[in-house]
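Every number in this text was worked out from the coordinates using simple rules, so none of it is lab data. Small disclaimer: the values here were computed from a predicted structure and weren't measured. Here the Cβ positions follow ideal geometry from the backbone for every residue, glycine too, while neighbour counts run over all protein chains shown.
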Amino acid sequence: MSLKSIAAVDYTVIIARDLPAMRRFYGSVLGFRFVRQLGEAWFEYQVGPNLLALAQPRRTASDPPMPKGAAALQLAFKVAYAEVDACARELRACGVTILEEPRDQPFGHRTLFFRDPDGNLLEVYADTPS
């Protein structure tokens, strides 16, 4: 077996410092479908064909938390062009602070940026119609 046999990212794990808040955000605010719980500190959500897991720190338990406002990761969620603005409205209605309002970027995307409860940077984007 070689590293060249890796063909896909199977799942993504977000190390959640505030697991209850993160579960509410990804399950209720973003509306991702809960798939299963593996133990006390591992929760999986279906996002299209991918799994997104929320887990409490174990191997990284002694790592200091990220400073407020610093992202440990950025996730980008693709939607249809007209949905970017609709997502912004829904997020605002749920009390989510929008970091950057929807706008067309010069590289061909319409983007919207916000953070999850742990401060990770999240993006909703669409390809700009030609």
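What number, rounded to the nearest 500 deg cm²/dmol, is the helix-based mean residue ellipticity at 222 nm of the chain, given -39500 (n - 2.57) per DSSP H run of at least four residues and division by all its residues?
-3500 deg cm²/dmol
Quick one: net charge of THR128's neighbours, Cβ under 12 Å, K/R +1, D/E -1?
So the environment of THR128 carries a net charge of 0.
Against the longest alpha carbon principal axis of the chain, how many degrees, from 0 to 90 and to the nearest 10, is the axis of helix 83-93 turned?
Approximately 70 degrees, to the nearest 10.
Direction-averaged shadow area of the convex hull around the Cα atoms of the stretch 11-61, nm²?
Average of the hull's projected areas for the stretch 11-61 equals 3.3 nm².
Given the options GLN105, GLN74, GLN56, state which has the largest fluctuation in a GNM of the chain using a 10 Å cut-off (strictly under) for Cα springs.
Its mean-square fluctuation being the largest, the pick is GLN105.
Expressed in nm², what is the orientationally averaged projection area of the convex hull enclosing the Cα positions of the stretch 71-130?
Over every viewing direction, the Cα hull of the stretch 71-130 projects on average to 4.0 nm².
Less than 15 Å Cβ to Cβ from LEU30, Lys/Arg counted +1 and Asp/Glu -1: what total charge do the surrounding residues give?
+1
Net charge around HIS109, counting only other residues with Cβ within less than 11 Å of its Cβ (Lys, Arg = +1; Asp, Glu = -1)?
0
Tell me which residues come under 5 Å, amide H to amide H, from THR128 once H is placed; ignore anything under 5 positions away on its chain.
Under 5 Å from the amide H of THR128 lie the amide H atoms of HIS109, ARG110, each far enough along the sequence or on another chain.
For the chain, what are the per-bin percents of Cα-Cα distances with bins 10 Å wide, up to the bin holding the maximum?
11, 38, 34, 14, 2
Quick one: which residues, 5 or more positions from VAL13 or on another chain, have an amide H under 5 Å from its amide H? H modelled 1.01 Å from N in the peptide plane, none for Pro or chain starts.
For VAL13, the qualifying residues are ALA53.
Under a GNM of the chain (C-alpha, springs under 10 Å), which listed residue has the highest mean-square fluctuation: TYR11, TYR45, TYR26?
Result for the chain, Cα springs under 10 Å: TYR11 fluctuates most.
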